[in-house]
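J.: Dropping the structure in here first, questions after.
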Amino acid sequence: MALPPEEVILKGAAAWNKWQEENKFPPHFARPSWYECRDEHGMQIKGRNELDFSGIHLTNASVHLAFAEGLNMRNAEVVGCHFEEGDFSRADFSNTTFVNTKFNKTILTDANFEGAVFINCNLNRVNLVNADFRLKEIRETVVYGISAWDLKTDPAMKQSRLVIEKSYELYSDIIASGKIPMMVDDIEMAQFVYYLSSHKNMRNMINILNSKGVLLLGKFKDGGLERLYKLMDWFKARNYTPMLFDFDRPNNLDYTETVITMAGLSKFIVADLSGGSVPQELYATLSSFQKPVIVYSDQPAYSMFRDIKRKNRFSYEIVFADEKDLYEKMENSVKEAELSHTQIAHELIDSHG
């Protein structure tokens, strides 16, 4: 008597691939338990999944509410399948190819997709938190609503035509209907661009940054970067969103323009005056708009700081003796910067009637 597909697939890739070649009807798996890790008494425990689906060819299958945590599915081919919800956290999909496949609200946290390929798929509202997503390629795929916190990606991976509009369809079906959806070419930018596409969302995002953002300026050499990172942690612990320009500048902006852009999104600026470019960055920023500024140094500020203070009456100077002294004085300066931010906001409201 022939085994049902639910039992065949548990025997691994060779048995399954042979079965699927001989049986052309679409298999359906309802609440499959693709997990095997038993203790000495035969009881399932949370640990290493012993099931091996590596090299499996899964075609036109529907898989609903699977429990497959830690499943080995390397070097597989998944074509025309539909995964509805289910838990594939920590699963290994390295070098697997997904074509014409839908994932809806599927848990893929900490999963490994290194070297994998997605073509004409739908990743609607999947959870990819902390996943290794260093793909070989992803294109023509819906990425609306994905959770991508701490997603690991590779600058070399090919990305194109990633749909950021809500849809349960495949890219090919959307195009066939005559619609051209909103798309990006970078999965990590998908949510950001989606927010920018809505005027209301964009306004809310700017308001959030302007109420929490703190731009940190300073030198990177001679221990300066380490101090900036410590300040980032200090501000995070106080529910701020610190921003540090420690990345390559955008292609169409110079360094000063990049700093001005980041300053415009921040609530106030904190600057280490020992940084060689900081005076120029401050002067350029404060020529564009009023922002509370806290400057700190272990030496009294250079004479040009008076000119900066003339341009911006909301400037506060810290001269510190040691690190402990810096953070104690920073507490008071931040309180002053908060009051100044409120005052600037009131003055803007008054000026606009």
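The values are calculated or read from the model by the stated rules, or taken from the named source; none is laboratory data. Bear in mind the structure is a predicted one, so any value in this text is a computation, not a measurement. Note that each Cβ is placed from the backbone with ideal geometry, even for glycine, and that neighbours are counted across all protein chains shown. Please note that ligands, DNA and RNA were not included when accessible areas were found on the heavy atoms of the full protein model with its side chains. Shrake-Rupley method; radii C 1.70, N 1.55, O 1.52, S 1.80 Å.
J.: Pick from Thr101, Thr106, Thr141, Thr96: which is within 23 Å of Tyr35 (Cβ to Cβ), hydroxyl-bearing (Ser, Thr, Tyr), surrounded by 21 or more Cβ atoms within 10 Å (Cβ to Cβ) and within 19 Å of the chain's Cα centre (by Cα)?
T.: Every option except Thr106 fails the conditions.
J.: Any residue in the stretch 212-234 that is modelled with pLDDT of 80 or more sitting within a Cβ distance under 6 Å of a residue that is open to solvent by 10 Å² or more (accessible area, probe 1.4 Å) and acidic (Asp, Glu)? List the pairs, counting only those 6 or more apart or interchain.
T.: These pairs meet every condition: Leu217/Glu281.
J.: Can you report the number of residues in the stretch 135-150 which are modelled with pLDDT of 95 or more and either out of contact with any Phe, Trp or Tyr (no Cβ under 9 Å at 6 or more places or on another chain) or in a loop (DSSP other than H, G, I, E, B) (or both)?
T.: 2
J.: Same structure, new question: I need the strands (runs of 3 or more DSSP E) fully contained in the stretch 46-127, keeping only those with at least 1 residues that are closer than 24 Å to Thr153 by Cα and touching a residue at least 12 places away in the same chain (Cβ under 8 Å).
T.: Filter on the stretch 46-127 gives 77-79, 82-84, 97-99, 102-104, 117-119, 122-124.
J.: Take the residues in the stretch 235-274 that are modelled with pLDDT of 85 or more and basic (Lys, Arg); name whichever of them is nearest to the chain's Cα centre (by Cα).
T.: Lys236
J.: Does at least one position in the stretch 311-318 carry a residue that is surrounded by 15 or more Cβ atoms within 10 Å (Cβ to Cβ), modelled with pLDDT under 75 and within 16 Å of Leu215 (Cα to Cα)?
T.: no
J.: Could you check Lys11 against (1) more than 36 Å from the chain's Cα centre (by Cα); (2) open to solvent by 80 Å² or more (accessible area, probe 1.4 Å); (3) over 19 Å from Asp92 (Cα atoms) and say which number it fails?
T.: (3)
J.: Of the numbered conditions (1) within 29 Å of the chain's Cα centre (by Cα); (2) within 19 Å of Asp110 (Cα to Cα); (3) buried (at least 18 other Cβ atoms within 10 Å of the Cβ); (4) of a type outside the set (D, E, K, R), Phe67 fails exactly one; give the number of that condition.
T.: Failing condition for Phe67: (3).
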